[in-house]
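The structure under discussion appears below in the form of structure tokens.
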2 protein chains.
Amino acid sequence: MTAPTTTAGRTDAYPTRGETAAAILDRPDPVLWAGPDAPGPASREELLAYERDGVLTVDALLTADEVAAVGGELERLGRDEALRRDDRTILEKHSGAVRSVFEVHRLSEVVARLVADERLAGRARQILGSAVYVHQSRINFKPGLGGGGFSWHSDFETWHAEDGMPRPRALSVSVALTENLTVNGPLMVMPGSHRRFVSCVGETPPEHFRESLRDQEIGVPDEGSLTRLAVDHGIVPCTGPAGSATWFDSNTMHGSSDNITPFPRSNLFVVFASTDDPPGEPYAAPAPRPSYIAATDLTPV
Amino acid sequence: MTAPTTTAGRTDAYPTRGETAAAILDRPDPVLWAGPDAPGPASREELLAYERDGVLTVDALLTADEVAAVGGELERLGRDEALRRDDRTILEKHSGAVRSVFEVHRLSEVVARLVADERLAGRARQILGSAVYVHQSRINFKPGLGGGGFSWHSDFETWHAEDGMPRPRALSVSVALTENLTVNGPLMVMPGSHRRFVSCVGETPPEHFRESLRDQEIGVPDEGSLTRLAVDHGIVPCTGPAGSATWFDSNTMHGSSDNITPFPRSNLFVVFASTDDPPGEPYAAPAPRPSYIAATDLTPV
């Protein structure tokens, strides 16, 4: 497939939401931007596993005290009535419970310090091979007894289409603040799917983020591509105790089921992206998303 | 708590959906009605595990040929346009896909033979300590890419309230026709919960079964009782390859999440009940459910 030219004459290896049909494309870009011997907190074995799978779980990234401190911040933010009416707070579609709070590294000093810690930012620099900025941070509450799931998606597809991120030189870390069990709607990933880009069908409507953060319908792979990827790569749940962390490539296909158990599944999400590949205009959206979802401040952490 | 007297002067150790508040009651009845040394296909160890947990998974109950034969029946019934309009077929609330087909042991000779097999009916007789009849049979399709889950419930609560089953001398077996993975919405149980009866709040509306088989709201434990049971007993997923089977007591608290994977999770469910404790009038419903959901033919299998 020939890469089409899009806005501002940019050549685009990741066309999506355009006039092309759904397709599964190969990713031309690397996963480890400085190779498996880059210095940092992750071992060579961990880096090679991450390169192969697009996902890596680290047990006990945080101490119990740190989990308690961040958990306290989570409770404080969840109780904040003014914040509840803020755009940065996303409510559950049906119950109205708090689903996510964005830009938590600006709302909480505790979170800000953690994000800048070598264990988080250091691993991100090691994998992305450059200085990094925080593209997005959020806490996901996923309350028990009916917290909703997330449809299958590649984060990079959205960040490319809607935030103008040129290539998948970004990653997420999900830090467990409560135990992530197989039964309470854990993150599920397709290991190896990060090597393939699913070009999605459908045009991005204005202010798409207001709906997509609760229940995404655009930028979601078609059922044929999804089935193909699931059969080729399989699906594994990412589980671990409070304080564990799962790193995953920006293009790893992931999703989660609902949580019908009474056990809440709360996580701190941080997205690091390379300062060497700054975002430009959206590739397939009428306007960029707000800065609390897609940072415009590229100051390295 | 004193057991109240209900319709027809019957003393009832399992009051529910009446004027009482939600409560967690102890179960006065046994789990193994002929003890752990009853003769039959299950070993003494298996029977003791079943008595303790209220659940037992048996790998390779069916051969691959048998799985294929039942799977063929499932496909045939799912394609049957006349059956699709039949009351015995339950459709998914949102997608309209086939969710369940009831009374499959009367719709399929293959299923009827399997139900009467010593591996199924024999284990039921061994556990219930008497001859058994089929109270209900069904195939659950749970298609991939969005098949809905089931809320937490005790089957016995419904069979008691709506079908007049006097005591929990009944069990279910769920035979896997596709692989039951942790990620595709498997049966989840609270092991040990079968020893406690959660008395539910709310009156049964007429024809409740039409809604409850798709999305149950009455006969569902209150959140406090559910949380208490989950904390006390934990939650485990029941997984296994096609051909494996999970047995569970009629009062074991269970549920399942939605299935966002492309992998369907199809199961054959059979409920066996003791002919020594035949059902009477419903304990808490205006009328009995149709015979394709709650058998009136108590002929032993």
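The values are calculated or read from the model by the stated rules, or taken from the named source; none is laboratory data. All values reported here derive from a predicted model rather than from experimental measurement. With ideal geometry, Cβ positions are generated from the backbone for all residues, glycine too; neighbour counts draw on all protein chains shown. For the accessible areas, the whole protein counts, side chains as well, though only heavy atoms, and no ligand, DNA or RNA atoms are used. Shrake-Rupley method; radii C 1.70, N 1.55, O 1.52, S 1.80 Å.
Tabulated data
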item	result
Calculated Rg and Dmax of the protein assembly as shown using C-alpha coordinates, Å	26.4, 84
Euclidean distance between Cα centres, the stretch B:242-301 to the stretch B:63-101, Å	17
Threshold 10 Å², the stretch A:221-241 residues less accessible with all protein chains present than alone (1.4 Å probe)	A:Glu223, A:Leu226, A:Thr227, A:Ala230, A:Val231, A:Ile235, A:Pro237
Pseudo-label separations to other copies for B:Glu281 - Cα-to-Cβ vector, 7 Å, nm	7.6
Residues along the stretch B:252-289 losing 30 Å² or more of accessible surface when the other protein chains are present rather than the chain by itself (probe 1.4 Å)	B:Ser257, B:Asp258, B:Ile260, B:Pro262, B:Phe263
Size-normalised alpha-carbon gyration radius of the stretch B:23-64, reference 2.2 N^0.38 Å	1.43
Chain B, relative contact order in percent, only Cα pairs under 8 angstrom and at least six apart counted	32
Nearest-0.05 FRET efficiency for B:Glu211 and A:Arg79, computed from C-beta distance (R0 41 Å)	0.70
Inter-copy separations for A:Asp37, label at 7 Å along Cα-Cβ, nm, ascending	7.1
Relative packing of peptides A:249-261, B:196-208, B:235-247, A:79-91 - highest average C-beta neighbours within 10 Å first	A:249-261, B:235-247, B:196-208, A:79-91
Label point 7 Å beyond Cα along the C-beta direction, distances from B:Gly224 to other copies (nm, shortest first)	5.4
Fraction of the pair-distance distribution of chain A above 30 Å, Cα-Cα pairs, percent	26
Distance between modelled label sites at A:Ser43 and B:Thr227, nm, 7 Å Cα→Cβ extension	4.1
Chain pair A, B: total accessible area buried, heavy atoms, 1.4 Å probe, Å²	1800
Chain B - percent of accessible surface contributed by carbon and sulfur, probe 1.4 Å	51
Structure-based [θ]222 nm, the protein assembly as shown - -39500 (n - 2.57) summed over DSSP H runs of at least 4, per residue, nearest 500	-6500 deg cm²/dmol
Accessible solvent surface per residue of chain B, calculated while the other protein chains remain in place, 1.4 angstrom probe, Å²	39
Net length gained if the chain between B:Asp65 and B:Asp29 were fully extended (0.36 nm per residue, minus Cα distance)	9.1 nm
1.4 Å probe, heavy atoms, protein only - residues of the stretch B:112-156 losing at least 30 Å² accessible area vs chain alone	B:Leu145, B:Trp152
Spacing of the two label points (7 Å from each Cα toward its C-beta) at A:Ala22 and A:Ala287, in nm	3.0
Long-range amide H partners of B:Gly280 with built H, under 5 Å	B:Met165
Cross-link reach list, aspartates and glutamates versus B:Lys93, counting only Cα pairs under 12 Å and skipping chain neighbours closer than eight places	B:Glu211, B:Asp215
Neighbouring partner chain Cβ atoms per residue of A:23-35, average, 10 Å criterion	0
